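This report refers to the structure that appears directly beneath it.
The values are calculated or read from the model by the stated rules, or taken from the named source; none is laboratory data. Bear in mind the structure is a predicted one, so any value in this text is a computation, not a measurement. Don't worry about glycine lacking a Cβ; one is built from the backbone with ideal geometry, like all the others, and counts go over all protein chains shown.
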Amino acid sequence: MRASLAQLEAFYWIARLGSFHAAARHLHVTQPTISARIAELEVTLDTRLFVRSRQRAELTARGRSIVEPVDRMLKLSDDIAAHSQSGRTLRGLLRLGAVESVALMTLPSLLPRFVAGYPELKVELTLDVGAALNRKLNASELDVAVLTDPQVSDAITVEAVGLIELAWYAAPQLRFPKRPLKPADLRNVPILTMPEPSTIFRAIRHWFDADGVEPSRLSTCNSLTLMARLVAAGQGAAVLPSAMVRNEVESGQLRLLRAAAPVAPGTLVVAFAGPAHRYRPLVRTIVESLQESELTAPMPSHLAISKSVDGQAP
């Protein structure tokens, strides 16, 4: 007897979401149905795949060993489904959300690809801070969103793209110690940041908290572009995506501040609601454009297969 796709899909979503209940919600079936599929799969494979507790379903060693092969099989199934529908399954309205850095660096090349690959698709574009995109995605007000470190419901599929490298920047004319900077060096410096609970705001708080320092002049702005201009004008320092301000650094408008401790990067993802086979080709197009833009750095190998990201949205 061979494992069925339904059984493998149940296994995949339990492994990804961490519980039978969450997998049942995601697949729109009952929890007893999920339990029955896993029981059948364990009989077929003659092994136990999960250790169940009251709140979580933990993979056994044998379960962990088949996560990657199962992932490949399901992706292949999605590809076959897409080909069987002529690869042009998307038509009508696509509600797409993106954060500012993605809009500036990727959309000029991405939108023509949409037009060429999906001529019957109309794109309704929403540019906003990640926290707002996160809320709209969970509320089914967006179909697809490109954002960092989201916290999404079980019904949302998340594909990690890469790391957004962050660093401290200031105007060349501002004076700082010539050694690598510590949080105490920036305690009284005007600092511009995205509003809480953004990835940048959280990264700044963690950077200062690591040394037990409280910044005294923290101001928020919901536009990265405006933040970069204010910093270039000498209005303070800011943590910014390195790829986004590369030109400003090369032209001398901004300078990179050497920090004793690096700023934690953000994880850029493409998140979408609905059947995976419906959006997989389009998501692949988005991911390719993002990677070509050099906005992100590659994911570490131990995180690259992760499909779910916890945390707050920027």
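General remarks:
- Only one of 238, 264, 243 that is modelled with pLDDT of 95 or more and either over 20 Å from residue 296 (Cα atoms) or within 23 Å of the chain's Cα centre (by Cα) (or both): 238
- Any pair with Cβ under 9 angstrom, 6 or more apart, that starts in segment 126-145 at a residue that is under 19 Å from residue 279 (Cβ atoms) and ends at one that is polar (S, T, N, Q) and surrounded by 19 or more Cβ atoms within 10 Å (Cβ to Cβ): 145/134
- Any hit, segment 189-205, residues being more than 26 Å from residue 134 (Cα to Cα) and touching a helix residue (DSSP H, G or I) at 6+ places or on another chain (Cβ under 8 Å): no
- Residue match in segment 19-30 (condition: of a type in the set (Ser, Thr, Tyr), part of a helix (DSSP H, G or I) and touching a residue at least 12 places away in the same chain (Cβ under 8 Å)): no
- For segment 55-78, the set of residues classified as in contact with a strand residue (DSSP E or B) (Cβ under 7 Å, 6 or more places away or on another chain) and among the small types (Gly, Ala, Ser) consists of 57, 63, listed by residue number.
- Test: residue 171 is within 20 Å of residue 218 (Cβ to Cβ) and in contact (Cβ under 8 Å) with a residue 60 or more places away in the chain: yes
- The residue of segment 1-18 that is modelled with the lowest pLDDT, among those that are crowded, with 16+ Cβ neighbours inside 10 Å and in a loop (DSSP other than H, G, I, E, B), is 18.
- Strands (runs of 3 or more DSSP E) fully within segment 41-154 that include at least 1 residues being surrounded by 13 or more Cβ atoms within 10 Å (Cβ to Cβ), aliphatic (A, V, I, L, M) and not assigned by TED's automatic domain parsing to the domain that holds residue 221: 57-59, 92-98, 121-127, 144-148.
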